[in-house]
Each structure stands twice: as C-alpha cells, then as structure tokens.
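*Asks:* Right, I'll just put the structure down here and ask away after.
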Amino acid sequence: MSEIPAKATESEDPSDGARTAAGALAADATEALARAAAGAAAGGAGRPGDALWQSSPPGSIYDYIKVASFSIGPDGLVDQWSLRAEQIFGIPADRAVGMDPVEAFIDPDLRENGQRRMAEILDGREWTGVVPFRMPDPEEGGRGEDGLAEVYVMPTRNKGGEKAAVCIVVDVRTLRSIETDLAASQAIFGQSPFGFLLIDTELKVRRANQRFASIFGGSPDDHRGKGVHDYLPRAEADRVSATLRRVLETGESITDMHVTGHVPGSEERRHWSINLYRVHSGSGRPIGIAWLGTDITARRAAAREAAAARRNLALLNEAGARIGNSLDLETTARELLDVVVPGFCDLATVDLYQGLLAGDETPPGLADGSAELRRVAFASAVSDAPFRGGSGEPVGVGAVHHYPFNSPCADALRTARPKTVPGEEGGLVQSTLAVPMVAHDTVVGLAQFARTKGSEPFGDRDRDLAVELAARAAVCIDNARLYRREHERALILQRSLLPPGDPVASGLDIACRYLPGNASTGRTGEVGGDWFDVIELPGHRTALVVGDVMGRGLRAAVAMGELRTAVRTLALLDLEPAEVLSALDEIARGLGTPGGVQQATRAARRPREADLSEVYLATCVYAVYDSVTRRCTFANAGHLPPVLVEPGEPALMLDVPPGMPLGVGGEPFEEVEVELPEGALLALYTDGLVESRDHPLDEGLQAFVGALTDPSRPLEDVCDHVLNTLDTHHGEDDIALLMARVQGLPAESVGDWTLPREPRSVGRAREYARGQLLSWDLEPLVDTAELLVSELVTNALRYGEGEIRLRLLLDRTLVCEVWDSGLVQPRRRRARDTDEGGRGLQLVGLLSAAWGSRRTPRGKTVWFELPLPDGETGLADPAEALLSLF
C-alpha cells in the first residue's frame with residue numbers, strides 16, 4: 001500500500017461534544033447489534049455459519065452490507081472483537097483481542113503513518129477513511145488476502161476514564177457491488193420495454209415501472225398497493241392469484257403464462273405473456289415476486305392468422321388429393337364433405353341442379369336460381385342436426401327441392417356469388433355460407449357450409465376458402481356429370497347393338513349374359529367393346545359370334561358396332577367362317593383411317609402416316625351350326641377357345657387354331673368342323689369372364705371349365721351358376737357369355753330327294769313336296785309350296801348343272817332348298833309385259849317369307865321359306881300373285 005486514502009474527516013478539537021457524538025454513534029452500533037441479536041433470538045434466517053449474527057427485521061440494510069465493530073483500549077491494542085469482525089477479517093476473537101491493529105492489518109510501508117493516526121485517535125480525534133488491509137493467513141507464516149474497508153473510528157473512554165476507541169468497519173467491496181447492482185436494477189426497472197412489477201408477499205404491488213403505468217394509466221406510484229383483481233376479470237384474476245401464491249410458496253418460476261384482460265377505457269381483449277419468479281433478500285428470505293409482462297395481442301392475432309392460413313392450405317392440399325378421384329357424382333360430392341367436416345365446418349350439404357343431372361343443358365329456372373335441385377350429399381359432425389331446405393323442412397339425400405326466389409340461397413345461385421345466411425333464433429346453426437358451385441362459367445349447384453353456435457364465426461378468409469373448395473369440387477362434379485352423360489349414351493349405343501332379349505335359333509337352346517365392366521363391384525366403369533350375336537342363316541343354320549374390341553370407351557363401342565354390323569352383313573352372304581373373318585380383318589384395318597382399308601394400307605407403307613392412324617384390334621370367334629347335320633364349323637381370330645360339354649363327359653376347350661386378331665392383317669384363318677352330339681353344351685365367352693388383375697388367365701379358364709359340371713340344368717341356371725362361381729375372377733372388364741345347347745332337327749322333320757337332270761324331275765319334285773307336306777299336316781301350304789318348288793327345279797334344269805337335290809326342312813318355319821352343281825347365282829329381274837318368262841323369281845319373292853341363294857362346296861343352293869300356318873298369318877293366294885305380275 002502506498003498510503004492511506006485521503007478520504008477522512010477529523011475533529012480538530014476532541015471536545016466533549018465530539019465525544020458525545022462518538023458515543024451516540026457507538027450507541028447506534030450497539031443498538032444495531034442488539035436488534036440483530038433480537039432477530040436471531042426470534043429465529044431469523046441467516047447464512048450458514050452465522051451462529052449469533054442473524055437477520056434484522058425485514059428490509060434491514062444489514063441483510064446486504066457486511067458491518068463489523070471492535071474496540072481499542074488505551075494501549076492501542078484490540079480489547080473487544082465482534083463476530084462480524086471474525087467473518088470479515090477471518091480472525092477469531094481469541095487471536096484478535098490484544099492484537100495491534102496497525103501491525104496486524106496495515107501494510108508495513110504504511111504502519112508509521114498508521115501509528116501516528118492511532119495516537120491521534122486515542123488523543124480524542126475522530127477519523128474516517130478507506131483503508132486497504134491484509135487479512136492474516138489462518139496458517140502461520142502465510143500472506144492473507146488483500147481487502148478494502150471503510151473505517152469509522154470514534155474516541156471513547158473505558159470504565160476507568162482512560163481514552164479508548166470504537167471502530168465501525170464496512171466491507172467496501174460489498175458496498176461497491178450493491179451500488180452497481182442498484183444502478184443496474186434501476187436501469188432495468190425504469191427503462192424496460194416490458195411491464196415490470198414487484199409484488200410483495202401479500203400479493204400487492206410494491207413497485208411498478210413506467211411501461212406498466214403507461215398501459216394501465218397513472219404514474220407508477222398510483223399502482224402501489226393494488227392487486228391483480230384491480231386489473232383482470234374475476235376468473236382470470238383468481239387463476240393468476242393462485243399462480244402467484246404457488247410461485248411464492250415453491251419458488252418455481254413461471255414462463256410464458258398467457259393472461260387475457262382489458263386495458264382501462266377499452267373493450268378490446270388484450271393478451272399478455274407473463275414471466276414470474278420469486279425475489280429473495282440478501283439473506284435468502286423470500287420478499288416477493290417479480291412480474292415481467294409483455295403485450296402479445298398482435299402476436300396472438302398473427303399466430304391465429306398463420307394457423308388459419310396453414311389450416312386452409314392443408315384443407316386445399318387435402319381437397320386436391322381427395323376430391324375428384326372418382327367419376328361418380330355422388331362419390332365426388334361426398335369427397336368434398338369428407339374434407340370440410342369437421343375440419344372447416346360442422347354441417348355441409350351439396351345440391352345439384354336436377355335438370356343437369358337428367359342431361360338437360362339448360363333446365364328451366366337455371367338462370368334465376370329457382371330450378372329444382374337434388375341433394376346428393378350431406379355430412380354432419382353434430383348428431384340429430386338435419387340441414388333444412390328452402391321450405392324450412394329437412395331435406396334428405398336424394399330428395400328434390402328448390403329455394404324460394406327471394407331466399408339467400410337462390411340469390412347465390414342467381415348471382416354466382418357466395419352469401420352468408422344467419423342462423424335461426426334459438427336454432428343450433430350459428431351461420432351458413434351458401435356457395436354456388438361454378439364450373440366452366442356454369443352454376444351446377446350449391447354447397448352449404450354451416451357452423452353451430454359455440455364455433456368460431458366465418459370470416460373473410462373462410463369465405464375465400466369455401467369458394468375455392470366449391471370451385472374445385474364443381475369442376476370435378478361437372479366432369480363426372482359429363483362423363484355420366486357420355487357413359488349413359490355409350491351404354492345405350494352398346495346395348496342397342498346387342499341382341500334384344502334371348503335370341504332364338506333353330507336346333508339350339510340359347511341363353512346369354514352381358515355385364516358391363518365393374519358391374520360386379522357396383523362401380524360405374526367405361527363401356528367396352530365386347531359383343532355377341534346369334535344370326536339365323538338359311539337352311540335352319542345359325543351363326544354364333546362372340547367378339548371383343550381391345551380398349552374401352554365410346555371409341556371401342558363404336559368400333560364394336562361397326563364390326564357387329566359387318567358380321568351380320570357377311571353372315572347373310574352365307575360365306576364360310578374363315579371367309580367372314582378375313583373380310584372382318586380387312587374392315588378392322590380400315591376403321592382407324594379415313595378412306596378405308598386402301599388408305600390404311602398406304603399409311604402402313606409410310607411410317608409417318610402410320611403413326612397418325614388409329615389402330616383397331618379385335619378378337620372374334622365365328623361358328624356356324626347346322627341343325628340338320630348337328631355339325632358346327634369354327635373359325636377363330638385371336639379369341640379364347642370355345643368350351644364344349646358333352647353329355648356325361650367333363651368340359652373341355654376345343655382345339656380351334658386361334659389365328660391373329662382382327663386388324664393385324666396378312667394371316668389366313670383356319671376352320672375346324674366338329675360334330676356336336678344331342679344335348680351337348682357349347683359356351684362362347686370373352687376374356688372379362690376369366691381374366692383379371694388378381695388372377696392369371698389359366699386360373700380363370702380352369703375355374704370356368706370347372707364351373708360347367710352340370711350341363712343338364714336349364715341354361716339360365718347354368719349361366720347364373722357360372723357368373724356366381726367366377727365372381728372373384730372378373731369385374732374390371734366387360735363380360736359376354738353365350739351358351740347354346742344342341743337340339744338337332746329330328747329325322748322326321750327332314751325330306752331329302754335327289755332328282756335326275758331331266759324334265760320329268762319337275763313333276764316328281766312337286767309330288768315329293770305335296771306328299772311330305774301332307775304327312776306334316778301342312779295342307780294349307782301345299783299349293784304355294786308346289787308352285788315355288790316347281791319354279792326352283794325348273795331354274796335348276798334350265799340354268800344349273802349336274803343332278804338336282806330337293807330338301808324340305810320343318811322347324812319353326814318351312815324351308816325348301818334346291819341344290820345343283822352350277823356356279824351361276826340366280827338374279828331376280830323385272831320382266832316386261834311382252835316377255836313370256838323371267839317372272840319365276842319374282843313369284844318366289846311374292847309368295848315366300850324370304851328367299852335367296854348361297855354357294856356350296858360343289859355348286860349352289862337356292863331356297864325359300866314359308867311361315868307355318870297359325871291361324872293369324874294369312875298366306876298369299878298364288879292366283880292373285882300370278883295376276884299381279886302382269
């Protein structure tokens with residue numbers, strides 16, 4: 001140490017007044033010590049190691065400042081040493097008493113000056129100053145810590161009247177720390193941008209800063225003594241008071257506690273974030289709670305806006321993912337409601353214009369919003385909460401209703417703008433958003449979103465979101481509506497191209513089934529290109545056809561219709577099955593190219609043009625059954641093989657060469673002729689019956705063959721059994737199933753004669769025909785049949801070649817056939833009045849129900865057909881027919 005600091009006040013004259021003042025200060029120090037002792041006796045809390053020196057009454061400065069006292073006797077040595085002095089200097093009393101303070105505490109360089117000062121003090125002069133000191137090392141021979149003390153020395157006298165001194169010592173380091181902390185505390189408390197309160201143990205405001213006062217009015221001093229009930233509503237104040245007590249009792253801090261209330265003069269709800277922590281005295285005793293609050297009203301509003309934006313974005317994302325996955329109207333409407341209930345609203349409905357659903361483009365009342373609507377979907381998160389219609393009555397799903405012209409819903413439909421409908425007094429619904437569903441500038445219906453009482457009311461953001469959701473759903477619903485309309489039209493087209501009811505054929509018992517794709521699963525799918533047909537041919541023969549155009553939709557249905565028409569035309573030409581398929585192949589190749597097959601062939605030769613032409617591929621099996629011989633001729637174009645079940649035998653797939661699909665071209669088709677026993681069952685089908693995504697084709701074929709275990713059952717039952725058994729093997733594609741049971745023409749229903757090539761054969765043919773008809777009890781047909789048989793045999797003699805064959809067939813009609821070896825086909829012509837001949841075929845056409853000719857492997861056959869007499873269908877009179885020719 002260089003020297004003792006100059007901060008000192010000295011009494012120039014050690015008078016009695018000075019001694020009296022010094023005695024008063026000593027008495028004050030002694031009183032402070034007494035109070036401290038009384039506090040200790042009262043059980044005040046002190047720091048560890050303080051056996052006697054305890055806390056003074058609450059708020060005492062001695063809780064924070066280290067103050068010690070000791071006295072110096074007339075000899076300049078310590079004669080009394082306090083406990084606090086032991087704590088400050090680290091020297092026990094038994095060592096301190098009798099110790100020279102100058103020698104013990106003053107640096108050797110300053111001891112001379114210290115001895116002089118001590119002499120002056122003992123001479124009656126007061127002194128105060130800051131003295132650096134060195135605490136002795138507790139271990140002998142060591143150097144203690146350096147300290148700094150503010151010392152106040154007062155002269156006094158002992159009991160014997162000798163001069164002595166009393167010293168009051170304050171730890172300067174503690175004073176400097178308190179000074180710094182106080183300055184920092186004042187700066188924080190006074191300049192904090194947050195509301196700052198110090199609440200005492202009675203939960204009253206002890207101190208408030210300017211920021212708090214600026215919010216709640218008045219000056220900071222005006223808030224002293226107030227409680228939380230003076231600032232917050234009762235329920236909120238009770239909650240905060242309970243929290244304050246818990247903090248005071250447990251010492252656990254509270255962070256970001258949200259408090260809601262109002263500021264004076266405003267009804268606006270304000271939100272604060274509060275931090276609470278317990279405040280302690282220097283001795284560790286709780287003296288109150290610090291309250292730090294910040295206004296988060298704007299932050300809460302921004303958070304709500306952000307949460308609403310995130311919710312709306314999530315709803316839009318969900319709507320994009322879930323709405324429009326189906327092309328079914330009702331499903332799409334339900335998908336919209338699944339998104340909005342309960343995430344956006346509590347109740348919701350979708351109403352669509354009934355006229356648009358029925359296929360009308362502009363139903364009456366569409367413009368003014370008064371047209372009938374059908375409720376297609378309803379959803380509610382509240383039980384027993386029906387959504388009412390325009391009449392005020394509940395409207396169920398599927399019900400047709402309309403809104404009055406002056407209602408908000410009709411106004412929304414009329415103006416294509418959303419409307420807010422307030423809830424009924426005493427009702428469950430708080431408010432409703434009526435949002436028109438607009439697709440492609442056309443209002444297709446109305447979506448209503450309702451929130452019940454207790455829910456947050458609709459805002460502008462909610463209105464915008466509802467419009468966006470309704471618009472997305474409207475486009476999907478309109479697409480579904482248009483798809484349904486086109487699908488229904490395609491189905492009508494498809495069904496119009498299929499045989500009506502169960503076809504009838506000579507010598508065959510026929511049953512058939514046609515199921516559109518997904519019919520088994522209850523979902524509406526696209527129309528396909530499957531078809532079947534039963535075509536009656538001359539001579540009690542029947543053509544059985546099953547085909548499948550590859551692909552789906554209207555395009556496939558149209559192609560199927562063209563191919564089916566072509567099949568019927570080719571079949572009536574009485575071509576062989578392989579020839580029919582060859583001609584169909586040419587037709588299929590020309591379907592996708594304007595200009596027909598020639599243009600398609602040229603396009604195939606030019607690759608760039610080939611890419612622009614559509615390709616139509618189809619599979620088809622074509623069979624011709626002759627009921628007289630019970631023989632069936634098959635030709636196959638890439639189709640699945642027919643299945644045959646003979647009586648008493650297991651089902652088997654016929655080995656018919658599959659050939660290439662129609663439309664490929666370039667490959668000939670083969671024919672297979674099979675004789676079918678009486679009672680045999682023949683099945684033709686498309687791949688939708690036996691193939692699916694989950695089951696391979698071989699497995700489906702085996703299941704189909706296995707299902708034909710009892711062919712003797714009625715054919716309708718067999719068809720139902722097959723479809724029920726194979727239910728798990730189909731569903732994605734169309735199904736066409738044609739089943740025929742063989743019932744050959746009995747021998748007694750056939751008359752067959754061979755005639756030589758001579759004029760007498762004409763009369764013999766008439767005799768054969770008369771005799772056969774009389775044996776069949778068909779006397780009303782005798783005259784007409786004789787006349788027409790005579791004409792055909794005469795033509796065979798005149799224009800044909802080789803021997804002549806006459807055959808009469810009796811089934812549902814009477815058929816007469818005349819065979820010869822000539823290749824020239826008869827041609828009907830109109831004879832002039834002056835001609836003596838040329839009217840034979842005209843007569844055949846007038847008197848018969850149908851007539852024609854066909855080629856055979858060894859010539860041709862000319863035939864005619866007469867209806868059987870049933871009492872209702874009258875026969876043409878041959879005489880009148882002859883006269884009509886002239």
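Each reported figure results from applying straightforward, stated rules to the coordinates on display, with no laboratory input. Only a predicted model underlies this, so the values are computations on that prediction, with no experimental measurement involved. Ideal geometry is used to build each Cβ from the backbone, glycine not excepted, and the neighbour counts take in all protein chains shown.
*Asks:* Pulled fully out, how much extra length does the chain show between HIS440 and VAL400, if you take 0.36 nm times their separation in residues and subtract their Cα-Cα distance?
*Replies:* Full extension from HIS440 to VAL400 adds 12.0 nm.
*Asks:* Still on this structure, I have one more. What do you get for Rg/Rh of the stretch 303-490 when both radii come from the Cα atoms and Rh is the Kirkwood radius?
*Replies:* Looking at the stretch 303-490, the ratio lands at 0.95.
*Asks:* Give the peptides 113-121, 577-585 in descending order of average Cβ contacts within 10 Å, highest first.
*Replies:* The densest-packed peptide leads the list: 577-585, 113-121.
*Asks:* With each label point set 7 Å from Cα along the Cα-Cβ vector, what nm distance links ALA747 and ARG304?
*Replies:* Label-label distance for ALA747 and ARG304, simple model: 10.1 nm.
*Asks:* Calculate the spin-label point distance for ARG311 paired with ARG485, positioning each point 7 Å from the Cα along the beta-carbon direction, and give it in nanometres.
*Replies:* Between ARG485 and ARG311, the label points sit 3.8 nm apart.
*Asks:* Would you mind putting 258-264, 78-84 in packing order, based on average other-beta-carbon counts within 10 Å, highest first?
*Replies:* Result, highest mean Cβ count within 10 Å first: 78-84, 258-264.
*Asks:* If you find the alpha carbon centre of the stretch 112-132 and of the stretch 619-653, how far apart are they in angstrom?
*Replies:* Between the Cα centre of the stretch 112-132 and that of the stretch 619-653, the gap is 139 Å.
*Asks:* Could you go through the stretch 443-458 in sequence order and give the Karplus-derived ³J(HN,Hα) for each residue, using 6.51 cos²θ - 1.76 cosθ + 1.60 with θ = phi - 60°, rounded to whole Hz, and x for Gly and Pro?
*Replies:* 7, 9, x, 9, 10, 10, 10, 10, 10, 7, 5, x, 7, 5, x, 5
*Asks:* Additional query: Hey, could you get me the Stokes-Einstein D for the stretch 192-295, Kirkwood radius over alpha-carbon pairs, 4 °C and 1.567 mPa s, rounded to whole µm² s⁻¹?
*Replies:* In µm²/s, the coefficient is 94.
*Asks:* Give, in nm to one decimal, the length gained when the segment between THR629 and GLU252 is fully stretched (0.36 nm per residue of separation minus the Cα-Cα distance).
*Replies:* 125.1 nm
*Asks:* If packing is taken as the average count of other Cβ atoms within 10 Å, what order do 373-379, 758-764, 696-702 fall into, highest mean first?
*Replies:* Order by mean packing, descending: 373-379, 696-702, 758-764.
*Asks:* Enumerate the lysines that LYS66 could reach by cross-link, defined here as Cα to Cα under 27 Å, with residues fewer than 8 away along the same chain left out.
*Replies:* In chain and number order, the partners are LYS7.
*Asks:* For TYR799 and SER821, calculate 0.36 nm times their separation in residues minus their Cα-Cα distance, and state this gained length in nm to one decimal.
*Replies:* Extra length from TYR799 to SER821 when fully extended: 6.9 nm.
*Asks:* Taking every pair of alpha-carbon atoms in the stretch 620-673, give the share separated by more than 14 Å as a whole percent.
*Replies:* Looking at the stretch 620-673, the distances longer than 14 Å represent 57 percent of pairs.
*Asks:* Let me ask something else. Separation between the THR128 and ALA849 pseudo-spin-labels, each 7 Å from Cα along Cα→Cβ, expressed in nm?
*Replies:* Distance between label points: 14.4 nm.
*Asks:* Quick one: what Rg and Dmax do you get for the stretch 246-339 from the alpha carbons, in Å?
*Replies:* In Å, with Rg to one decimal and Dmax whole: 24.1, 79.
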